[in-house]
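Note sheet for the following structure.
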Amino acid sequence: MDEGGDAPGSETCCETPAASPDRAAGPPYAECVLCRKPTEYAESVKGITLCPVCEWQEAQRTACSG
């Protein structure tokens, strides 16, 4: 039975990527470091920024690297 939603991790179950503070609300967007297309991140974000396609492909590569 449900005990009031106190399950571990229940606080992040409804969190969406758009809620991330790194995601930009509008232009200017950072360039993808692989294909140079606009990303969903602001230009001020430090580190490697990937467009949604490259981000998905990288996740697929790392998930199967075992």
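Scoring CYS14 on the criteria (1) open to solvent by 70 Å² or more (accessible area, probe 1.4 Å); (2) at pLDDT 50 or above; (3) in a loop (DSSP other than H, G, I, E, B) leaves a single failure, condition (2).
Residue count for the stretch 32-66 under the criterion of being open to solvent by 100 Å² or more (accessible area, probe 1.4 Å) and in contact (Cβ under 8 Å) with a residue 12 or more places away in the chain: the result is 4.
If the condition is being in contact with an Asp or Glu (Cβ under 6 Å, 6 or more places away or on another chain) and either modelled with pLDDT under 50 or of a type in the set (Ser, Thr, Tyr) (or both), then the stretch 17-48 contributes only TYR41.
The values are calculated or read from the model by the stated rules, or taken from the named source; none is laboratory data. A quick note: this is a predicted structure, and the numbers were derived from the prediction, not measured. Neighbour counts run over all protein chains shown; Cβ positions are idealised from the backbone, glycine included. Side chains are part of the model used for accessible areas, which takes the heavy atoms of the whole protein and leaves out ligands, DNA and RNA. Shrake-Rupley method; radii C 1.70, N 1.55, O 1.52, S 1.80 Å.
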